[in-house]
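Remarks on the structure that follows.
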Amino acid sequence: MYDVLYVDDDSFTDTHWREYYELLAAIKSKYKEHLSAISWQELKSRLLSFAEEEKAYNEAVIMCGGSIVGHMGLWVRHPGTPDQHPWAWFDALYDSIPESLVSFSGQQFLALMNRHKIDEVHCASHDERITAVARAWKAEELNRLDEFVLDEKSANSETLDQWRSSILRENKTLRHEFFLNYPKRYVEQLSVFLKMCLRAMPREREDNFSWHVDEADLRRDGKWREKNNLPLYCIALFDSDDRLVALTEASVSPNNLETIDQLMTGVAEEYRGRGLAKWLKASMYHKLRQDFPEFGRLITAMRAVNEPIQHINAQMGFYKYRSGYEFRIHRKDLM
């Protein structure tokens, strides 16, 4: 009934790419999923160039009766190392995913996990449909995950302006800098800082996975972003010794400014409590509005347990967009 076809397979034609893009556009329209590519050609370029860099990257469409009805994938970061981190995703154009498709996709993930010799994989849901699929696979719930949106109407402009104008006056030893795509001069500091931020992220339940970041990762990501016109906006704060102490990032797709993704915001432990995260997030929103006045909204995903950033987001004017969970899938439960 169902079959899978991987995007880097020789038999994956431009007709498949066109149909895949149409599927993703329909899922976006109906279920609020993200899609920044504006054409099947752009989607093809992004995914194939990513697959060239990441050899343990597996993305596939799910076929039924000759039509593409869903997609799935598994990406193993740092495969075969102590920092290995497998991440999976799945979605399909159904209000309620059929049991037969839930079972089929679970078996496909089992085959991928066997191929890569991994026993556990992380995934996330952003609505009740995919949450139900993860629970059908007996996935372990780790964290509640919420998405929030900030747009021109909801933004508390007076608060944001006040943060931008006052907070650095109270932190005169710090200097700020804007840059794109992890420049070479900062790659070493950035890899150390981002690793610290990722490991410090609060979580509801302890688990043995942590996103590892090294210099090679950042160089590879920067190269991929330049090739695909997906600049990463970074605003950083440095102390008097030029040590990176705070950072915020946003991913921009200049061809599609409907949505910009607000990514990591982090502050070194000894500099917390000074309002630096507020200054960074307000400054990033201001910078994005300056450079792209027509952009629609800023979207960010947050663990519900991350109360400090949740509080800052609420003061800025972010409102909840979607809710889901982070899960861990165990291979034994798919067998």
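Cβ-Cβ contacts under 7 Å between residues 6 or more apart (or on different chains), taken from a first residue in region 254-268 that is farther than 13 Å from residue 284 by Cβ to a second residue that is among the aromatic types (Phe, Trp, Tyr) and assigned to a loop (DSSP other than H, G, I, E, B), are listed as 257/292; 257/295.
For region 225-242, a residue qualifies if it is closer than 19 Å to residue 169 by Cα and in contact (Cβ under 8 Å) with a residue 24 or more places away in the chain, and the qualifying residues are 235, 236, 237, 238, 239, 240.
For region 135-142, check the following and say yes or no: at least one residue is in a helix (DSSP H, G or I) and either at negative phi or of a type outside the set (Ser, Thr, Tyr) (or both). The answer is yes; a qualifying residue exists.
Selection of region 86-103 for residues being under 19 Å from residue 20 (Cα atoms) and either among the aromatic types (Phe, Trp, Tyr) or free of Cβ contacts under 8 Å to residues at least 24 places away in the same chain (or both) yields 89, 90, 94. Consider region 189-207 and keep the residues that are in contact (Cβ under 8 Å) with a residue 12 or more places away in the chain and farther than 23 Å from residue 281 by Cα. The one that is surrounded by the fewest Cβ atoms within 10 Å (Cβ to Cβ) is 205.
For residue 83, the requirement of being in contact (Cβ under 8 Å) with a residue 40 or more places away in the chain and in a loop (DSSP other than H, G, I, E, B) is met.
When we screen 112, 101, 145 for residues that are over 21 Å from residue 60 (Cα atoms), open to solvent by less than 40 Å² (accessible area, probe 1.4 Å) and not β-branched (Val, Ile, Thr), the only hit is 145. Considering only residues in region 54-67 that are touching an Asp or Glu at 6+ places or on another chain (Cβ under 9 Å) and open to solvent by 20 Å² or more (accessible area, probe 1.4 Å), the one that is farthest from residue 16 (Cα to Cα) turns out to be 57. Considering the conditions (1) among the small types (Gly, Ala, Ser); (2) within 27 Å of residue 148 (Cα to Cα); (3) assigned to a helix (DSSP H, G or I), residue 45 is excluded by exactly one of them, (2).
The residues listed here are 91, 127, 83, 119; of these, the one that is of a type in the set (D, E, K, R) and open to solvent by less than 20 Å² (accessible area, probe 1.4 Å) is 91. Would you check if there is a residue in region 279-302 being assigned to a strand (DSSP E or B), open to solvent by 30 Å² or more (accessible area, probe 1.4 Å) and closer than 26 Å to residue 230 by Cβ? Yes, region 279-302 has at least one match. Those helices (runs of 4 or more DSSP H) of region 148-236 in which 3 or more residues are at pLDDT 90 or above and in contact with a His (Cβ under 9 Å, 6 or more places away or on another chain) occupy 157-166.
Reported count of residues in region 130-142, each being touching a helix residue (DSSP H, G or I) at 6+ places or on another chain (Cβ under 8 Å) and open to solvent by less than 50 Å² (accessible area, probe 1.4 Å), is 3.
Looking across region 218-234, the residues that are open to solvent by 20 Å² or more (accessible area, probe 1.4 Å) and either more than 12 Å from residue 249 (Cβ to Cβ) or among the acidic types (Asp, Glu) (or both) come down to 219, 220, 221, 223, 224, 226, 227, 229. Considering only region 156-182, state which residues are within 20 Å of residue 319 (Cα to Cα) and of a type in the set (A, V, I, L, M, F, W, C). Across region 156-182, the qualifying residues are 160, 163. Residue 313 fulfils the conditions (1) assigned to a helix (DSSP H, G or I); (2) open to solvent by 40 Å² or more (accessible area, probe 1.4 Å); (3) at pLDDT below 95 except for a single criterion, (2). When region 153-186 is limited to residues that are out of contact with any helix residue (DSSP H, G or I) (no Cβ under 6 Å at 6 or more places or on another chain) and within 13 Å of residue 234 (Cβ to Cβ), the one that is surrounded by the most Cβ atoms within 10 Å (Cβ to Cβ) turns out to be 186. Here region 235-251 is the region considered, the condition is being buried (at least 22 other Cβ atoms within 10 Å of the Cβ) and under 17 Å from the mean Cα position of the chain (by Cα), and the residue that is nearest to residue 189 (Cα to Cα) is 247.
Residue 272 falls short on exactly one of the conditions (1) of a type outside the set (Asp, Glu); (2) over 21 Å from the mean Cα position of the chain (by Cα); (3) under 19 Å from residue 171 (Cβ atoms); (4) buried (at least 16 other Cβ atoms within 10 Å of the Cβ), and that condition is (4).
The values are calculated or read from the model by the stated rules, or taken from the named source; none is laboratory data. Here the structure is a predicted model, which means the values were calculated and not measured. Every residue, glycine as well, gets a Cβ built from its backbone with ideal geometry; the counts of neighbours run over all protein chains shown. Only protein heavy atoms, including side chains, enter the accessible area calculation; ligands, DNA and RNA are left aside. Shrake-Rupley method; radii C 1.70, N 1.55, O 1.52, S 1.80 Å.
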